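Structure first, commentary second.
What follows draws every value from the coordinates through simple rules; no lab data is involved. Fair warning: this is a prediction, and the values are worked out from it, not measured in the lab. A quick note on method: Cβ atoms are made from the backbone with ideal geometry, for glycine too, and the neighbour counts reach across all protein chains shown.
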Amino acid sequence: MHWNRRLLALVLVLLVTNAPSADEKRISIYSTAANYSLPLIERNGGDYVGLLEILDPLGSVSARTNGLRWKIRYNNVEGEFTSGKSRAQIRGKEFDLPANFLLEHGRGLVPVSFLGTLLPRFLGGPVTFHESARRLFVGKVATQFTAELSRTTPPRLIMNFTSPVNPTIATEPGRLRMVFLREPLLPPGAQTLNFADQTISSATFAENNGTAEVTVVGDASLMATFSNDGRTITIAPAPQRPAPPVAPTPNTAVQSAVQSAPPSIPPSPSPPPASTTVPATSANHQAAYVVVVDASHGGDERGAALTDKLAEKDVTLAIARRLRQELENRGISVVMLRDSDATVNLDQRAALANNARPAIFVTVHASSQGNGVRLYTALIPAGGENRGNFLDWDTAQSSFVPASQNALALVVNELQKKQITVRTMSAPLRPLNNISAPALALEVAPSDKDIAQLLLPDYQQTIAGAVASGVAALRDKTTQTGAQP
């Protein structure tokens, strides 16, 4: 019986891409060819894994069964195992496994505890196995990092990595946790780094169940931003803005969304009151000029299928990160609603955005239809009655539409300077209708018919830079006039 290669590829895709449950045992393999994770199988009181699945991403592999015997060929190396026996043969030499080899429906299973000894016989090179954490390193592939606290006000923890990283981020008051599943991350010497600072006091490295984790502890709500193409993560206290002079009467829908927000989104204090009045701009208000950037879709919600392999959620995150960098380069604070492949529903996005009290909200979309950029402001649907400090959830944008249109005009001007085709329109889009601040939706299409242009760094940077310049112009106009944008 031979394994069909296409069937095997499908099995591997399912094993590697399906999100594991919290209690599922798994092993992560890191190599120059691929980084991947596989689930473990418990048999006879021990953990097993499919040997063919381990080797397939690393080279050419095939296997066949003959009765109780299972033969595998990896590149030019042959191995033979017998179901129910601990004796095996690789490269013509016999050796003993710590537990019996198992054969299930043509699939050869080997004990996980022996991988550190077994795999070098096939691969012909060094393998390092962190058995307690179930992390296996093939060759010299480790990603190292440094962590240095910048004594600014407020302080910032700057982490530099030798390779790009994209961890899942979870926060709670005073703690930020980054989980690295596909990165071969190793600690910077000590497992715990102490910084002798109350705001950001320590960073601790740990590894378990095929993942590495870095936990940063302080006395404030922390948020992470990415730069240097994913090689630098900066952790700092989440920006806080003074509340407008209204009674703290949170919208019930906002409060519910914030409480159910996914862990990869930085938490905020209690949800903001929704106000029908425009607060006067003060010097402190200007100093805390914050832009909320929303990379649409994410996680289970892929968005539009731009091509067979390219999902909208990946393009929006890339553009949003570039927009964040361009805004920060202009001295503007940014709150990212999604900085990883996280699932965030529309109510959660609106609640978190309103809680940040932004000067402007920008949500990013991508499309394979049309060309250039389409900019949207909200088209307010018929909604419920506004009562005092409470706004109807579906028409919260009502009093901010003129300010949104003013912001749109400034962004259009900057995009046109870059020779980017721009169309503007209004539409009853969520979460725009739920945002109690100036709000825009940015939909990016290629400038021609080539969808691949959406992935070009220069194209993404040009659009992000133009949008950031428009937002900076809005900030400067607000500062000069002393009025709400």
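Using a Förster distance of 22 Å, how high is the FRET efficiency between THR162 and LEU455, based on the Cβ-Cβ distance and rounded to 0.05? Working shown, then result.
Values: r = 24 Å, r/R0 = 1.09.
Efficiency at R0 = 22 Å is approximately 0.40.
Spelling out what I want: for every residue of segment 77-88, take phi, set θ = phi - 60°, compute 6.51 cos²θ - 1.76 cosθ + 1.60 (Karplus), and round to whole Hz; glycine and proline get x.
Once rounded to whole Hz, the list reads 9, 10, x, 9, 10, 10, 4, x, 10, 9, 8, 9.
Measuring from label point to label point, each 7 Å out along Cα→Cβ, what is the LYS309 to ALA34 span in nm?
Computed distance between label sites LYS309 and ALA34 equals 1.3 nm.
Would you grab the residues whose amide H sits under 5 Å from the one on PHE180? Only those 5+ places off in sequence or on another chain, please, with H modelled 1.01 Å from N.
Close amide H contacts, sequence-distant or interchain: ALA212, GLU213, VAL214.
Return the sequence-ordered ³J(HN,Hα) values of segment 211-216 in whole Hz as given by the Karplus equation 6.51 cos²θ - 1.76 cosθ + 1.60 applied to θ = phi - 60°, using x for Gly and Pro.
10, 10, 10, 10, 10, 9
How much of the DSSP beta bridge set in segment 142-238 is antiparallel, as a percent to the nearest 5?
Roughly 95 percent of the beta bridges in segment 142-238 run antiparallel, per DSSP.
Under the Karplus relation 6.51 cos²θ - 1.76 cosθ + 1.60, θ = phi - 60°, what is the ordered set of whole-Hz ³J(HN,Hα) values for segment 294-301, x standing for Gly and Pro?
Listing the rounded values in order: 10, 7, 4, 6, x, x, 5, 9 Hz.
Could you check the simple spin-label distance between THR146 and ASN194, using points 7 Å along Cα→Cβ, in nm with one decimal?
That separation, rounded to one decimal, is 2.3 nm.
What nm distance separates the two modelled labels at THR128 and PHE95, each placed 7 Å from Cα along Cα→Cβ?
In this crude spin-label approximation the distance works out to 2.0 nm.
Near the amide H of LEU185, under 5 Å away, which other amide H atoms are found, from residues 5 or more places off or on another chain, if H is placed in the peptide plane?
When sequence neighbours closer than 5 places are left aside, the close amide H contacts are THR143.
Taking N as the number of residues in segment 5-138, what is its alpha-carbon radius of gyration divided by 2.2 N^0.38 Å?
Against the compact-globule rule of thumb, the ratio is 0.98.
Which far-off residues, 5 or more places away or on another chain, put their amide H under 5 Å from the one on GLU78, with H placed in the peptide plane?
ARG91
With r defined as the distance between the Cβ atoms of THR215 and THR424 and R0 fixed at 56 Å, what FRET efficiency is calculated, to the nearest 0.05?
Given R0 = 56 Å and the Cβ-Cβ separation, E is 0.80.
Between THR343 and LEU68, what length comes free when the chain is fully extended (0.36 nm per residue of separation minus the Cα-Cα distance, one decimal in nm)?
Taking THR343 through LEU68 to full extension adds about 94.4 nm, to one decimal.
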